[in-house]
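Presented below is the structure to which this report refers.
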Amino acid sequence: MSFIRAATTARSAAAAARRFSTEASAKKSSNYGLYLGGAGVAGLAGYLYLQSQQSAKPKRIQEKSPLDPDNWVDFKLKKVIPYNHNTSEFVFELPNNDASLLPISSCVIVKSSDPEALKDAKGKPVVRPYTPISPSDKEGELTFLVKKYDAGLASKHIHELKEGQTLSIKGPIPKWPWKMNEFEEVALIGGGSGITPLYQILNHALSDPSNKTKFKLIFANVTEDDILLKGEFDAFKKKYPNNFDVVYALDKPSPSWKGYSGYVNAELLKKEIAGPELKEKTKVFICGPPGQVAAIAGKKAGMKQGELGGILKELGYTEDQVYKF
Ligand SMILES: Cc1cc2nc3c(=O)[nH]c(=O)nc-3n(C[C@H](O)[C@H](O)[C@H](O)COP(=O)(O)OP(=O)(O)OC[C@H]3O[C@@H](n4cnc5c(N)ncnc54)[C@H](O)[C@@H]3O)c2cc1C
């Protein structure tokens, strides 16, 4: 396993406004050190230094991300791995066996490589955000878990791609700049395919031995078959019992279902997540369908956070304590 000791800055105006830094303390059994820093030509700055456990010599230097926050880049679809009835993993090839070096947390935006292939009713290119499930230091691959919506434009296009074809990708698009141990307690509320930004944080933070934050994931879905990454979350719970817990809620549970039933409500949140009285020591991250986000945390205002509303406001959380992806 590798970990990131990173201080990255992106060159675009949007990205330059934020500085990302994730810290991992010196570890007794670190296999790799990965250092990122400085400004890169293509936007995501980076100096990558990989060191194998066996050898003190640098194994690999990667100066910048293959992604560009200012320009669209076509990436080749290498593999499609069916996941469930409506979701597949799409593995894109990163050239020169590079890693994406995406900061935590961030997503990318995608559109069709062929401008004619994916347009909205007004003839404009359809652009949508996606968060990879592959770690930032994964070499040579960028993997997305994409759920297909029947009436969904981008998700349908991605599901129709054949291996060898390309998708146009731009990024990173900075989201919450994660700092290790900034919070004592973190609640993550996810709905459907909105789970991937929350998984990105969890996968990064839990695998860092310096982590002290306690995470609680509340994951809502329609049926048990819709729960994405359940194997990964259940494995986190086993591996990090003191720092991670997950509860699942289903709209349409089977008779044998033992988790929560129905939508995420005030009672569930009061019982399961750290209360607002922890002030700056706690944070709630939410990502799900617009209806769920509105009901729990108030509507997003386009790309902006929008006012805090919904259940979290009723329970006394403040705007500073909540981040909507
Ligand atoms: C930060 C971020 C990261 C994301 N990462 C992923 C990811 O890793 N994998 C993934 O599959 N999706 C992800 N999404 C959602 C993705 O961006 C698209 O919204 C989704 O794929 C639907 O787009 P579409 O063009 O196919 O559907 P559209 O044409 O936009 O919409 C078609 C129908 O689907 C409904 N719909 C749109 N979005 C959602 C939604 N999120 N949940 C439920 N219903 C919806 C609409 O109301 C409409 O009825 C992410 C969203 C955000 C904000």
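Derivation of every value follows stated rules applied to the coordinates shown; laboratory data play no part. Everything numeric in this text was worked out from a predicted model, so none of it was measured. Counting neighbours? That spans all protein chains shown, and the Cβs are built from the backbone with ideal geometry, glycine included.
For Thr213, the shell of other residues with beta-carbons less than 12 Å away shows a net charge of +2, using +1 for Lys and Arg and -1 for Asp and Glu. In a reduced charge model with +1 at each Lys and Arg Cβ and -1 at each Asp and Glu Cβ, segment 248-325 shows a dipole moment near 180 debye about its Cα centre. In this Cβ point-charge picture (+1 for Lys and Arg, -1 for Asp and Glu), segment 196-295 has a dipole of about 400 debye about its Cα centre.
Segment 160-175 and segment 219-298 have Cα centres separated by 29 Å. Here segment 185-324 yields Rg over Rh of 0.94, to two decimals, using C-alpha coordinates and the Kirkwood radius.
The residues packed around Glu139, meaning those with a beta-carbon under 10 Å from its beta-carbon, carry a net charge of -1 if Lys and Arg are +1 and Asp and Glu are -1.
Other residues within the sphere of radius under 12 Å centred on the Cβ of Leu161, judged by their own Cβ, net out at +2 (K and R +1, D and E -1). Cβ-to-Cβ counts within 10 Å put Ser112, Ser168 in ascending order as Ser168, Ser112, the fewest first.
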